[in-house]
Ligand SMILES: [Zn+2]
């Protein structure tokens, strides 16, 4: 890593911005935050970390050899960034592997289909051939008679909407998470879904079926959006459409990976730290740049820049890079279980896991006593074009949200997700899709949030436990 110039550059930047090390007054805080923002808007630290992770490790599916390399990458980088302490915590889960996957229309219009197996899918145990029966939504499949579905390949054709908040994902991901189980209940042989994604590339989107559904599941795969369109047109001819599906995938014992944890101390010996989270694992098709390499790079860089200040904020920072988020939030759940009893060591938590496009709003879930912090965030994040969404409480994200459920106060920095689900879980999730300027705006927002919260002595909690 070549980060050695950063501390010096940052200090010089702060000195020239008129930084005075001794005071913590609000006026002085504004100067520190302003200087941090300026430094972040010029910094390529997050970009370099992201380029390092995506090239030196690349795809890092949970439980794979590359996942183990990602853990070593994280430990090594935390050490070279100068974290005060670094450790790992084991996370165990069922290992799922993908060997081979293909699909073809056999009749009436023979041709190949671009598919990828859904995580958690069983193998077809050799090619499986059957007629396709199409439904738009999972609810339609649930309402169908088993006699119509039995022995067929179910095709769920619902299309995901593109929105800035990413709301379309929640509307359609149920096809992926529960579809394989409902299809099995109806006696289907297999499931094809239209990818849960908003692009028109001929690249299918993988992703996990629900890990916790009881009962059987059928072999399941996602079609790219154009392939789903093509299949719909064939089905319009009202002749039986027969498809061959060949998935050599499945669970293969248990694996252990690690949550990687690093801490920077604050300037005072206070118990509580600000928690920054992202997940270290990725799917196997791309290099995991937007999901969630960007989040990993951002929380590391934000912690480093803030710790390199001439005077650190009074509270320390804890960065957690979670294991196996993709296949069932295993790292986030293991962390919450292990740390439930020492939750009071954390001041507030936040997570970056929605790509790397511009942050446009923020949300909070804090006690009323934290209003001065919210006021500072409104003003300082406002300078970066980030508005406060006061009407909706923060959720904390998939991993940090496990602690929010236990009562940890949380803050969400929401990225514009319009483009995220074009790339999410596809072979197109690669570094070139990250806009360096947007990544710097993210970093500026993260250092702002981190400095303001870590340097505050107000009570952030308690907040209600929530599901
Ligand atoms: Zn993610």
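The values are calculated or read from the model by the stated rules, or taken from the named source; none is laboratory data. Fair warning: this is a prediction, and the values are worked out from it, not measured in the lab. Please note: Cβ atoms are built from the backbone with ideal geometry, for glycine as well, and neighbour counts cover all protein chains shown.
Scan region 398-409 and tell me whether some residue there is within 23 Å of residue 431 (Cβ to Cβ), surrounded by fewer than 24 Cβ atoms within 10 Å (Cβ to Cβ) and in contact with a helix residue (DSSP H, G or I) (Cβ under 7 Å, 6 or more places away or on another chain). Yes.
Residue-wise test of (1) away from the ligand (no atom under 16 Å from the Cβ); (2) under 21 Å from the mean Cα position of the chain (by Cα); (3) touching a residue at least 60 places away in the same chain (Cβ under 8 Å).
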site: 326; (1), (2), (3): no, yes, yes
site: 361; (1), (2), (3): yes, yes, no
site: 388; (1), (2), (3): yes, no, no
site: 392; (1), (2), (3): yes, yes, no
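Among the residues here, residue 255 qualifies as touching a strand residue (DSSP E or B) at 6+ places or on another chain (Cβ under 7 Å) and surrounded by fewer than 24 Cβ atoms within 10 Å (Cβ to Cβ).
If you check 341, 304, 333, which single one turns out to be away from the ligand (no atom under 12 Å from the Cβ) and either crowded, with 24+ Cβ neighbours inside 10 Å or under 20 Å from residue 82 (Cα atoms) (or both)? Before the answer, list the steps.
Details: 341 fails: either crowded, with 24+ Cβ neighbours inside 10 Å or under 20 Å from residue 82 (Cα atoms) (or both); 333 fails: either crowded, with 24+ Cβ neighbours inside 10 Å or under 20 Å from residue 82 (Cα atoms) (or both).
Residue meeting the stated conditions: 304.
Within region 170-200, the residues that satisfy the criterion of being within 24 Å of the chain's Cα centre (by Cα), touching a residue at least 40 places away in the same chain (Cβ under 8 Å) and surrounded by fewer than 24 Cβ atoms within 10 Å (Cβ to Cβ) are 178, 199.
Residue-level analysis places residue 368 among those that are within 27 Å of residue 344 (Cβ to Cβ), surrounded by fewer than 16 Cβ atoms within 10 Å (Cβ to Cβ), away from the ligand (no atom under 16 Å from the Cβ) and without any contact (Cβ under 8 Å) to a residue 24 or more places away in the chain.
Quick one: is residue 167 within 27 Å of the chain's Cα centre (by Cα) and at pLDDT below 95? Write out each step before concluding.
Values: within 27 Å of the chain's Cα centre (by Cα): yes; at pLDDT below 95: yes.
So residue 167 passes the test.
Being more than 12 Å from the ligand (Cβ to nearest atom), under 25 Å from residue 59 (Cβ atoms) and assigned to a strand (DSSP E or B) is a property that residue 274 lacks. Is it true that residue 293 is within 13 Å of the ligand (Cβ to nearest atom) and over 25 Å from residue 402 (Cα atoms)? Considered against the rule, which asks whether it is within 13 Å of the ligand (Cβ to nearest atom) and over 25 Å from residue 402 (Cα atoms), residue 293 comes out as no. The residues in region 397-428 that are within 14 Å of the ligand (Cβ to nearest atom) and part of a loop (DSSP other than H, G, I, E, B) can be counted, and the count is 8.
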